[in-house]
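*Asks:* Attaching a single structure in C-alpha cells format; questions to follow.
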Amino acid sequence: MEISGRTALVTGGASGLGEATVRLLHGEGANVVVLDVNRELGEALCRELGDRAAFAPADVTNTEEVEGAFRMALDRFGGLHIAVNCAGVGPPMKVVGKEGPHDLERFLQVIQVNLIGTFDVTRWAAYYMTKNEPSAEGERGVIINTASIAAFEGQIGQAAYAASKAGVVGMTLPIARELARSGIRVCTIAPGLFDTPLLASLPPQVKEELGKQVPFPPRLGRPQEFALLVGQIVRNPMLNGVTLRLDGALRMPPR
C-alpha cells in the first residue's frame, strides 16, 4: 500500500515509538490521527506537523474514546487505511516480592492497556477498513501492532508485561487469516531495547550498558528505526500474519 494520500491512526502517537511513526507517515504524505492520553504532547505534535495531522485525546482502555478517534479520522480525512498500535505500559513487579504477592489490579491494568486495548483498536480499525474501496490487488488496509521480545524471553519481574505482549503475538496470525478475505493485512513488530520514554528515567551510563547487550548494533534501538519497519510493512503486500523481531539479535537473559 502506498503511504502518500492515505490516512493513518497511531495510538501512543505523542511520544516514543508512536511519535516516530507519526512523523514518518506524515512525512511521506499520509494524513495522521494521533491518539494519546497526553493532550499537551499530542496537540503540540499536531501543531508542528500542520494540516494533515489531528489529535484525538483517548485512552485505549476506553472503547467509546477509541471509536471516537476513528470517527474523527473518517470525518476529518474521509477514511482510514493504516492503524498502528504503539500505546503500552510496562511496570515491573515480581510474582512474590517483599510486600507480598503481585498486585492483581496492576496485572489487570497491564493486560487491559497492552492486550485488550490493542485488540479494541484492531477491531475498530478492521471494521472501518472493510468499508474502503479495494486497490487493484484487493487491499483495503494495514494494521500493525507492537509486542516486545519480552513475549519470547520475558525477564524476572515481567510476568504481566510478557503475558500481555505474548497475547499480541498470539492473536496476530488468526486475525490476519480472518481479515484476509477483506484485503486487510495484520502484522506485529516485537522491538528489543529501544531508547523510548520507558527508559527515559535511567541514567545515560545505565542506558549505554543496556545497549552493549545488543550483539549488533551495540546500542539501544532508535524510534526512527521502528518507524522505518512500519513503513516497510505498509508498502510490502507479502508481509502478513507475521511477528517481526526488531532487536539486533538480542536474546534477553533471565534478569
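Every read-out reported here was derived from the displayed coordinates using simple, explicitly stated rules and does not represent laboratory data. Every value quoted in this text rests on a predicted model; they were computed, and no experiment measured them. Don't worry about glycine lacking a Cβ; one is built from the backbone with ideal geometry, like all the others, and counts go over all protein chains shown.
*Asks:* May I ask you to sort 131, 165 by Cβ crowding, counting other Cβ atoms within 10 Å and putting the fewest first? Intermediate results must be reported in sequence, preceding the final value.
*Replies:* Details: 131 12, 165 30.
Ascending number of Cβ neighbours within 10 Å: 131, 165.
*Asks:* Next up: 222 nm [θ] for the chain, helices only, -39500 (n - 2.57) per DSSP H run of 4+, per residue, to 500?
*Replies:* -12500 deg cm²/dmol
*Asks:* In whole Hz and in residue order, list the ³J(HN,Hα) couplings for the stretch 56-66 that follow from phi through the Karplus curve 6.51 cos²θ - 1.76 cosθ + 1.60, θ = phi - 60°; x for Gly and Pro.
*Replies:* So the J values, rounded to whole Hz, are 10, x, 7, 9, 5, 8, 10, 5, 5, 5, 4.
*Asks:* Oh, and also: Give me a comma-separated list of calculated 3J(HN,Hα) values for the stretch 174-185, in order, Karplus coefficients 6.51, -1.76, 1.60 applied at θ = phi - 60°, integers in Hz, x for any Gly or Pro.
*Replies:* Values, residue by residue: x, 5, 4, 5, 5, 7, 4, 5, 9, x, 10, 8 Hz.
*Asks:* Would you please give the residues with an amide H less than 5 Å from that of residue 56, counting only those at least 5 places away or on a separate chain, with H modeled from the backbone geometry?
*Replies:* For residue 56, whose amide H was placed from the backbone, the distant partners under 5 Å are 34, 35, 36.
*Asks:* Taking the number of other C-beta atoms within 10 Å as the exposure measure, put 81, 102 in order starting with the fewest.
*Replies:* Final ranking by Cβ density, sparse to dense: 102, 81.
*Asks:* For residue 145, enumerate residues with amide H under 5 Å from its amide H, sequence gap 5+ or separate chain, H modeled in the peptide plane.
*Replies:* Distant-sequence amide H within range of residue 145: 85, 187, 188, 189.
*Asks:* Looking at the P(r) of the chain, how many percent of alpha-carbon pairs lie beyond 34 Å?
*Replies:* Within the chain, distances greater than 34 Å cover 14 percent of Cα pairs.
*Asks:* How far apart, in nm, are two points set 7 Å out from the Cα along the Cα-to-Cβ line at residue 235 and at residue 153?
*Replies:* 3.0 nm
*Asks:* While we're on this one: Using a 10 Å cut-off on Cβ atoms, rank the peptides 215-226, 4-15 from the highest mean neighbour count down.
*Replies:* 4-15, 215-226
*Asks:* Extension gain residue 135-residue 109, at 0.36 nm per residue separation less the Cα-Cα distance, in nm?
*Replies:* The span from residue 135 to residue 109 would gain 5.5 nm if fully extended.
*Asks:* Could you give each residue of the stretch 210-226 its phi-based ³J(HN,Hα) in whole Hz, using Karplus coefficients 6.51, -1.76, 1.60 with θ = phi - 60°, and x for Gly or Pro?
*Replies:* Values per residue, Gly and Pro as x: 4, x, 5, 6, 7, x, 6, x, x, 6, 5, x, 9, x, 4, 6, 4 Hz.
*Asks:* Something else about it: I'd like to compare 144-150, 247-253: which one has the highest average count of other Cβ atoms within 10 Å, and what's the full order after that?
*Replies:* The most tightly packed comes first, giving 144-150, 247-253.
*Asks:* Now for a different question. Near the amide H of residue 194, under 5 Å away, which other amide H atoms are found, from residues 5 or more places off or on another chain, if H is placed in the peptide plane?
*Replies:* Placed amide hydrogens put 221 under 5 Å from residue 194.
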